[in-house]
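Encoded as C-alpha cells, the structure appears first; notes follow it.
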Amino acid sequence: FSFIGASYDAEHGIVTAFYLLDQNLYGPTAEGITLRQQIAPDPANCFLCDISIGDYNAVKEGNPDYVMVVPANANLEIVQIGTATGKYIQGVWSGTDCCGWQWDPTPPAKTLRWWSDGMAFEMIYFGENIDKADMITIAESVK
C-alpha cells in the first residue's frame, strides 16, 4: 500500500491517514486502508473507541461524531489485538430509495476499532485481499 495523504480533524482530535494499493486507481472499487487515531485517555469517552448496536437512521446527518453503529444482525465480533480488545465488523450502510439506510454485509468493507494505552484506533479496509486475521496483525503492529 502507498501513502496517499492525511487529514486532521481539530474539533475531535483525530488524525486520518489514507493508503491505496494502486495509486492510480481511485473510486469506490479502489483497494485501500484508512487508519484513524485519536488521543483518548478514557476509552469510555472517545469517538473511535466503540462500535455500537443501533439504528444508523438515528445518527446525526453526515455522522460528524464518527459514530459507528450497526444493526443487531450485523455479526459484530469481539477480537483480541495483542493485549487490547477490539471490535470487528464487515459491511456498510447503504442508502435506499424507499427505506432510509440499510445494512449490507456483502461489500468487501471491513472495520476494526480498538483502544490501547490512551489511544483509540480505527482501521477500515476496502478490498478482497486482506481478511480479519490480517487486519488484526496490522493492528498489532500499529504504535
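The values are calculated or read from the model by the stated rules, or taken from the named source; none is laboratory data. What you see is a predicted model; the values in this text were computed from it and never measured. Every residue, glycine among them, receives a Cβ derived from its backbone with ideal geometry; neighbour counts consider all protein chains shown. Side chains are part of the model used for accessible areas, which takes the heavy atoms of the whole protein and leaves out ligands, DNA and RNA. Shrake-Rupley method; radii C 1.70, N 1.55, O 1.52, S 1.80 Å.
Details
- With K and R counted +1 and D and E -1, the other residues having a Cβ less than 13 Å from that of residue 4 yield a net charge of -2.
- You can think of it this way: the chain between residue 34 and residue 94 has 19.7 nm of extra reach, that is 0.36 nm per residue less the Cα-Cα gap.
- The modelled label-to-label distance between residue 2 and residue 72, using points 7 Å beyond Cα along the C-beta direction, is 4.7 nm.
- Ranked by the mean number of other Cβ atoms within 10 Å of their residues, highest first, the peptides 10-22, 119-131, 44-56 come out as 119-131, 44-56, 10-22.
- Summed residue charge, Cβ within 11 Å of residue 52's Cβ, Lys/Arg positive, Asp/Glu negative: 0
- Only Lys, Arg, Asp and Glu carry charge here, each on its Cβ (+1 for the first two, -1 for the last two); on that basis the chain has a dipole of about 180 debye about its Cα centre.
- Net charge dipole size for region 77-143 [Lys, Arg +1 and Asp, Glu -1 on Cβ; Debye, nearest 20]: 180 debye
- Note that region 69-131 shows a convex hull volume over its alpha carbon atoms of 99 Å³ per residue.
- Residue 22/residue 131 FRET efficiency (R0 22 Å; Cβ-Cβ; nearest 0.05): 0.65
- The residues of region 48-143 expose on average 54 square angstrom of accessible surface per residue, using a 1.4 Å probe on protein heavy atoms.
- Whole-Hz Karplus values for region 114-123 come out as 7, 10, 7, 6, x, 10, 9, 9, 9, 10 Hz, taken residue by residue from phi with 6.51 cos²θ - 1.76 cosθ + 1.60 and θ = phi - 60°; glycine and proline positions read x.
- Normalised by 2.2 N^0.38 Å, where N is the number of residues, the alpha-carbon radius of gyration of region 39-143 equals 1.08.
- Portion, in percent, of the accessible area of the chain that falls on carbon or sulfur, probe 1.4 Å: 53 percent
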